[in-house]
1. Condition first: surrounded by fewer than 22 Cβ atoms within 10 Å (Cβ to Cβ) and over 20 Å from residue 530 (Cα atoms). Now tell me which residues in the range 489-509 satisfy that.
2. State all residues of the range 445-454 that are over 19 Å from residue 399 (Cα atoms) and surrounded by fewer than 19 Cβ atoms within 10 Å (Cβ to Cβ); if no residue qualifies, say none.
3. What are the residues in the range 551-577 that are buried (at least 17 other Cβ atoms within 10 Å of the Cβ) and part of a loop (DSSP other than H, G, I, E, B), if any?
4. Looking for something under 30 Å from residue 137 (Cβ atoms), at pLDDT 85 or above and in contact with a helix residue (DSSP H, G or I) (Cβ under 8 Å, 6 or more places away or on another chain) - is there at least one such residue anywhere in the range 72-86?
5. For the range 208-250, enumerate the residues that are within 35 Å of the chain's Cα centre (by Cα) and closer than 15 Å to residue 188 by Cβ.
6. Based on this model, can you work out whether residue 323 counts as touching a helix residue (DSSP H, G or I) at 6+ places or on another chain (Cβ under 8 Å), outside any strand (DSSP E or B) and at pLDDT below 90?
7. Hey, among 238, 185, 203, which residue is without any contact (Cβ under 8 Å) to a residue 12 or more places away in the chain, surrounded by fewer than 17 Cβ atoms within 10 Å (Cβ to Cβ) and at negative phi?
8. Check whether at least one residue in the range 419-435 is part of a loop (DSSP other than H, G, I, E, B) and more than 60 Å from the chain's Cα centre (by Cα), and report yes or no.
């Protein structure tokens, strides 16, 4: 009996056959395989070789390919677009395999955030700058939104998780489709998120500088002594050093012109210098800088003009005029005290005009001490007793013989007749004429009361005499021995007679009246007469008496008529004037004389 042999692995043996045949491609043949197609390679595998012994020897369908049938000698197609096929994929679409199926290729859908072109063996992460919004994509959904960047694998056009992209950070811009932020260039910055284009980068703020790329804020303030226009990349740009006439503090967007009252004669300065005393720094002397871009700035102080003074920091040439009552013809004054007081007799009005000389003379009727502001200063009206012609620095006292009873006069009046005008002191003028005293007379312009005395032989019994004619002759029987008498000196002495105007109590013409000043008729009592005290005319010795002597002072001094003679007349002064008595009648004559007297 013939014994049957087992069919070997990798071959199949038909029943009743003594031969074994090569296992065909696409199949595997374990031991004792009976026919060629008994064991096809399962879906997801294939076999292009003969004599495959078991299913494990079937080749897995390669990545990106599909082996959808059993018994394949090669993959029967590419993976479906939007799906990926790992090795051993039996389908290009998701399937749920039973427990008997190989788990390979159970899930082949291309997930959101990836894309799978046709034939993909693995999902491709969404490319940088793009996003893949859903599953089953054969290509990215589109570019990432402007203002965002996508580093790869993003499911959103505007990712914010930071893993696959984010909103564009400050200092950067992200145009549409950006895979990474692009920094703002030097000289610019961007403070907010989500910048979309280079136009969103702001020029660096004026007064600041931005030297780096990608700045979210300006880097720093411009350095003092420099200025930084908009978009500056340096705080010390040599092209932007502060020019003369200007100052640039920290953070200056442009040079600041030195204000009035200050100046700057150097470049690169953060402060202006204060205008010194005696100088001014104002618009009148501002010099145009050679750079027409900048406003005018004060570079050099100027001398204070005549008529003005300049304190430290003076802003204009005519800011400080010499005060009223002062002037100056010099430049460069630094203080109001340097202005000269208006000289006496003149005035300097109109503060604000800067007087360089006195304006004019003080008006008549006023006087102007130094420093006056008006030609008619109310406080310096010429007082009573003084006069003030035009240009008076002080009031002048009315001179002797003149007076002034009113204020504000330029001259004094002549003292009237009957009065005298004498100041009480050199510093006080005569205000009111005073009545001429007794014993004196006062013609016009009399300066003092005793200037004109009534002469000897006269007296002035009344006040207010205007001339010598008002002096009265000394009365009969009296004498006036001196000048300026208000009453006679006394009675003439006995033995003398004083008819009128006697200057001596015992006048003797040839001795005391030789000048002829007194009135005639004043003399020693003549012979034949007697003159008691106060006699105005000699009194004759009565009849029966006579006298040959001068200066008899009383009647008793008359001598009796000598015996044998008779004196029939009064005032006999010589015996020759007597008559001899007749015989026998001498006593009768004497008796008759006695009886008649």
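1. 489
2. 453
3. 551, 552, 558, 561, 567, 570, 571, 573
4. Taking every residue of the range 72-86 in turn, none turns out to be under 30 Å from residue 137 (Cβ atoms), at pLDDT 85 or above and in contact with a helix residue (DSSP H, G or I) (Cβ under 8 Å, 6 or more places away or on another chain).
5. Answer for the range 208-250, where residues must be within 35 Å of the chain's Cα centre (by Cα) and closer than 15 Å to residue 188 by Cβ: 208, 228, 229, 230.
6. When the stated conditions are applied, residue 323 passes them.
7. Answer to the selection: 238.
8. The answer is no; no qualifying residue exists.
The values are calculated or read from the model by the stated rules, or taken from the named source; none is laboratory data. Nothing here was measured: the structure is a model prediction, and the numbers come from that model. When we count neighbours, we look across all protein chains shown, and the Cβ atoms used for this are built from the backbone with ideal geometry, even at glycine.
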